[in-house]
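One structure below.
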Amino acid sequence: MSDGSAEQVLADVREEVVGCTRCELHRSANNGVPGEGNPDARIVIIGEAPGWHEDKQGKPFVGNSGKFLTELLETAGLKRDEVFITNVVKHRPPGNRDPLPDEIMACSVYLERQIAAIDPDVIVTLGRFSMAKYFPGEKISKIHGEAKEVGGRFVVPMYHPAAALHNGALRSTIEEDFQKLPRLLAERDKQRSIDREKTAQASQGTLF
Ligand code: URA
């Protein structure tokens, strides 16, 4: 029975993704790739879709772009196991083609439940497809690295590590964008302590 904890919701989603037939992608894939990481993560990272390695292992970002993602997190002072990493679609599109709109739509229930359960302070979107969920019609070259407040948290679009890995200019851009993450977390902490202070002052006011 589900106890409603983030851990439980993530475990439920994991089980459902593994057996999911909501779109056709499960037919050609070897494994569902629900996502992995800390249920209490302050940062959720959303990529595009599992690739060859991810499909084999059932884990997100375990190939070359995954190794690069781990490095990017480390240069920002973050460990991979303190964040939660997932994708817009949870089964590999054949031949790594782009995910189709109806596949993204069919899979969005899982992503929504993961985000609601974890309730992160910051969402990082990697590449066009996860960016389009929050900023439809925008261009990544224009808005990468800019944090916007969406539904009470920061959403920061970034280039996909696979695009940045072998492109010197994009590589330094994505590194700089990742290095903005600690400041965003600190901003959230500051806002929380201001809110706490206000609540304390308001309750003092009602006492006297
Ligand atoms: N690219 C993605 O977008 N996601 C993965 O999990 C791996 C590569």
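The values are calculated or read from the model by the stated rules, or taken from the named source; none is laboratory data. From a predicted model like this one, the values you see are computed outputs, not experimental measurements. Heads up, the Cβs are rebuilt from the backbone with ideal geometry, glycines too, and the neighbour counts pull from every protein chain shown.
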Next item on the list: Test P34 against the stated conditions and say whether it is part of a loop (DSSP other than H, G, I, E, B) and within 12 Å of the ligand (Cβ to nearest atom).
Entry: yes
Checklist line | Candidate set: region 143-165, residues that are assigned to a loop (DSSP other than H, G, I, E, B) and modelled with pLDDT of 95 or more; chosen: the one nearest to the ligand (Cβ to nearest atom) | finding: H160
Next item on the list: Sort through G51, G77, G63, G37 and tell me the only one that's in contact with a helix residue (DSSP H, G or I) (Cβ under 8 Å, 6 or more places away or on another chain) and either within 23 Å of R113 (Cβ to Cβ) or of a type in the set (K, R) (or both).
Entry: G37
Notebook entry, point to check: Going by the conditions given, is E175 part of a helix (DSSP H, G or I), farther than 25 Å from L111 by Cα and touching a Ser or Thr at 6+ places or on another chain (Cβ under 7 Å)?
Noted result: yes
Item checked: Among the residues listed as V89, V44, the single one being touching a Gly at 6+ places or on another chain (Cβ under 9 Å) and closer than 21 Å to M158 by Cα -> V44
Note to self: I need a count of the residues in region 63-82 that are within 12 Å of the ligand (Cβ to nearest atom) and either touching a residue at least 12 places away in the same chain (Cβ under 8 Å) or touching a Cys at 6+ places or on another chain (Cβ under 7 Å) (or both).
What the structure shows: 6
Next item on the list: Filter region 37-62 for residues that are surrounded by 19 or more Cβ atoms within 10 Å (Cβ to Cβ) and either more than 26 Å from G4 (Cα to Cα) or near the ligand (Cβ under 9 Å from one of its atoms) (or both) and give the result.
Entry: I46, G47, E48, A49, P50, G51, E54, D55, P60, F61, V62
Check: How about region 83-126: which of its residues are within 24 Å of A164 (Cα to Cα) and either under 11 Å from the mean Cα position of the chain (by Cα) or away from the ligand (no atom under 16 Å from the Cβ) (or both)?
Finding: V83, F84, I85, T86, N87, V88, V122, I123, V124, T125, L126
Notebook entry, point to check: When only residues in region 155-186 that are more than 26 Å from D98 (Cα to Cα) and in contact (Cβ under 8 Å) with a residue 12 or more places away in the chain count, which is farthest from the chain's Cα centre (by Cα)?
Noted result: E176
